[in-house]
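In what follows, a structure is listed as structure tokens, so that the remarks can point back to it.
The values are calculated or read from the model by the stated rules, or taken from the named source; none is laboratory data. Computed from a predicted model, the values in this text were never measured in an experiment. When we count neighbours, we look across all protein chains shown, and the Cβ atoms used for this are built from the backbone with ideal geometry, even at glycine. Heavy atoms of the whole protein, side chains included, go into the accessibility calculation; ligands, DNA and RNA do not. Shrake-Rupley method; radii C 1.70, N 1.55, O 1.52, S 1.80 Å.
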Amino acid sequence: MKVTKRDGRVVEYDRNKIVIAIQKANAEVDCCEQVSDEKINSIVAGIENRHRDNLMVEDIQDMIEQKLMDEGKFELAKKYIIYRYKREMVRHANTTDDSIMSLIKNSNKDLMEENSNKNAYIASTQRDLIAGEVSKDLTKRVLLPDKIVKAHEDGVLHFHDMDYFLQSIFNCCLINIGDMLENGTVMNGKLIESPKSFQVACTVMTQIISAVASSQYGGQSVDIKHLGKYLRKSRNKYTAHYKEKYGDTISDRALKELVNDRLLDELKSGVQTIQYQINTLMTTNGQSPFVTLFLNLDMADPYVEENAMIIEEILNQRIEGIKNEKGVYVTPAFPKLIYVLDEHNCLKGGKYDYLTRLAVKCSAKRMYPDYISAKKMRENYEGNVFSCMGCRSFLAPWKDENGQYKFEGRFNQGVVSINLPQIGIIAGGDEEVFWELLEERLSLCFEALMCRHHALEGTLSNVSPIHWQYGAIARLGKNEPIDKLLHNGYSSISLGYIGLYEVTKLMTGVSHTKPKGTNFALRLMKRLRLACDTWKLETGIGFALYGTPAESLCYRFAEIDKKRFGIIKDVTDKGYYTNSYHVDVREKIDAFSKFKFESQFQKISSGGAISYVEIPNMRHNLEALEDIVKFIYENIQYAEFNTKSDYCHVCGYDGEIIINENLEWECPQCHNKDKNKMNVTRRTCGYLGENFWNEGKTKEINARVLHL
């Protein structure tokens, strides 16, 4: 007789395993409740006398329980059931041992590279990653339905951020920084009152950012327009000070110069505080705060001139960069910057065009800021212009009880992404099969998203006072549930998607940039959007369609499908799927055409959308970049520039490789000096050509190559 195990393996029948299991249960009950060895053998013989070629292991255990019950040995049957349950737990336990130990030994490559913002060698980061492994284990074994876990493992969908699902925390948010600065907040039980100066406002803002980052797992965004008021306060403070000190003995011109000198000094110090605090603070999850600064000049804002000064200083300091441990100016990872293009700064003779030119210069050297077109955004979001959250997901317009649009102080509950190419592979070009399978998998995604939602229901404000009690999201009372913020569209919950290009190629034979492919791709995108809109209507929960950079998931889905379905040309052979609706990187398409094409999908994917183009030698292409920026304003809501950068294959550092004092290439992070283990394509000064030493091989290296 053969026995089929739970994992599908077929093994030889072994009667001794049954005997031992019953004997172990026997040993835990009183003598009067025990069965004799003769009776145990009789139970085993009853199983064997069925003369079955194959039995499921669960069926054998069911038979044993029934036999014990028939003998009136109820206590023994209970012990056997408990023993059976414990064995089941053991089978599912210890699933994290290998991953955690390999993490400690720095040999868990996948886990260590999963989040590029975390240094997995540092103890505090490892502590967070270990907790994440435990959370993933419990999530898969206990918290999620088996079919959702199986769908995740099979690459049908991706249940994002399992490493944080164990706790009642959410994804990302727009901090209501204006309210917190104006009305004060509380951190670590201490009252932080409204600042009286710009410098203090900047310090308080970074403290808030750090506290917020420690109680959520996704990014956050801050609108810097709220700092303008405090720069005005500092100006007024200096004006009053010098008037009191000098009275009528000083001219208005001299007074103005004195005030401006002090103000510009404070402006520089305040912005420097933001930059250095964000890059040096370490949150409880072992990384710098994942924060985005929203740079938007609102002409209706009474502090617009102060905000223009702040934006200018932010851009200037980002262009300069920040020194690494070797004293070399490098591009800081945070804060991310988003610059808004509007009528007054879209390089068409507007008052603030000088800021946009500075932003372009900053993009050329530091790859930030990203750009949002206020013109296109107003078309897509009921006339509103607002920041995406730190994870680049957008909220839907929502009005408060006074009929006023509100975006700051709102958040995203979580994300589940669907693997579109896998559906296309299975469908094999048959649209009837494709649409039917899509509906099945959308239902599965809905169930998974509702798991995220239900996990947050009943959460008390005490879980994260900075979010729920002291203004980042709300000002709820102590012990008050956050449930009202989970419903009626106040917060979003996102359906992500990967591989529109590949699924279109599978179903139509052409790219989604071709007319036939575009037709299919748009129909598919509209079906995904309709699913979100329908779920939102039926539940009152803010479902949203979310297309945004998810690089690791692009590789994960492709790897799973390659193992399952083999190599498929233009699909699994690349080793990755294209992200969301993006054009495949191998297609020959110019920047303008790419943005124009992808803009039609951004409107559908309103819960999150960004497009990018890779431009070589950006630092020497400022005029070309300005032309693209003008085009962005007129044609696409959200875009960014990329270029090739230095890369260290030893530690994964993706920044500027330096030349050390011995004239060797050296990674500033792990200090690797093996040039063969580096990609070096960008220099400190921006030169992207061939590198060479001078005849004397001294430090007088050609200035076009680098600066020492």
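Table: residues versus (1) assigned to a helix (DSSP H, G or I); (2) acidic (Asp, Glu); (3) surrounded by 24 or more Cβ atoms within 10 Å (Cβ to Cβ).
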{"position": "496", "(1), (2), (3)": "no, no, yes"}
{"position": "516", "(1), (2), (3)": "yes, no, no"}
{"position": "523", "(1), (2), (3)": "yes, no, no"}
{"position": "558", "(1), (2), (3)": "yes, no, yes"}
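Among the residues of the stretch 380-406, how many are farther than 22 Å from residue 449 by Cα and in contact (Cβ under 8 Å) with a residue 60 or more places away in the chain? Matching residues across the stretch 380-406 total 5.
Scanning the stretch 364-385 for residues that are open to solvent by 10 Å² or more (accessible area, probe 1.4 Å), touching a Leu at 6+ places or on another chain (Cβ under 9 Å) and part of a loop (DSSP other than H, G, I, E, B) turns up just one, 368. Can you tell me which residue in the stretch 386-411 is surrounded by the fewest Cβ atoms within 10 Å (Cβ to Cβ), limited to those that are touching a Leu at 6+ places or on another chain (Cβ under 8 Å) and within 13 Å of residue 171 (Cβ to Cβ)? Looking at residues that are touching a Leu at 6+ places or on another chain (Cβ under 8 Å) and within 13 Å of residue 171 (Cβ to Cβ), I get 410.
In the set 159, 165, 198, only one residue is in contact with a Gly (Cβ under 7 Å, 6 or more places away or on another chain), buried (at least 23 other Cβ atoms within 10 Å of the Cβ) and hydrophobic (A, V, I, L, M, F, W, C); that residue is 198. Restricting attention to the stretch 215-251, which residues are outside any helix (DSSP H, G or I) and out of contact with any helix residue (DSSP H, G or I) (no Cβ under 8 Å at 6 or more places or on another chain)? The answer is 218, 219, 221, 251.
Looking at the stretch 346-363, is at least one residue under 23 Å from residue 267 (Cα atoms), touching a Gly at 6+ places or on another chain (Cβ under 7 Å), open to solvent by 30 Å² or more (accessible area, probe 1.4 Å) and not in a helix (DSSP H, G or I)? Within the stretch 346-363, not a single residue is under 23 Å from residue 267 (Cα atoms), touching a Gly at 6+ places or on another chain (Cβ under 7 Å), open to solvent by 30 Å² or more (accessible area, probe 1.4 Å) and not in a helix (DSSP H, G or I). Kindly check whether there is at least one residue in the stretch 111-120 that is of a type in the set (Lys, Arg) and at pLDDT 75 or above. For the stretch 111-120, residues of a type in the set (Lys, Arg) and at pLDDT 75 or above: absent.
All told, residue 333 falls short of being at pLDDT 90 or above and of a type in the set (A, V, I, L, M). Any chance the stretch 641-657 includes a residue that's part of a strand (DSSP E or B) and modelled with pLDDT of 80 or more? Yes; the residues of the stretch 641-657 include at least one that is part of a strand (DSSP E or B) and modelled with pLDDT of 80 or more.
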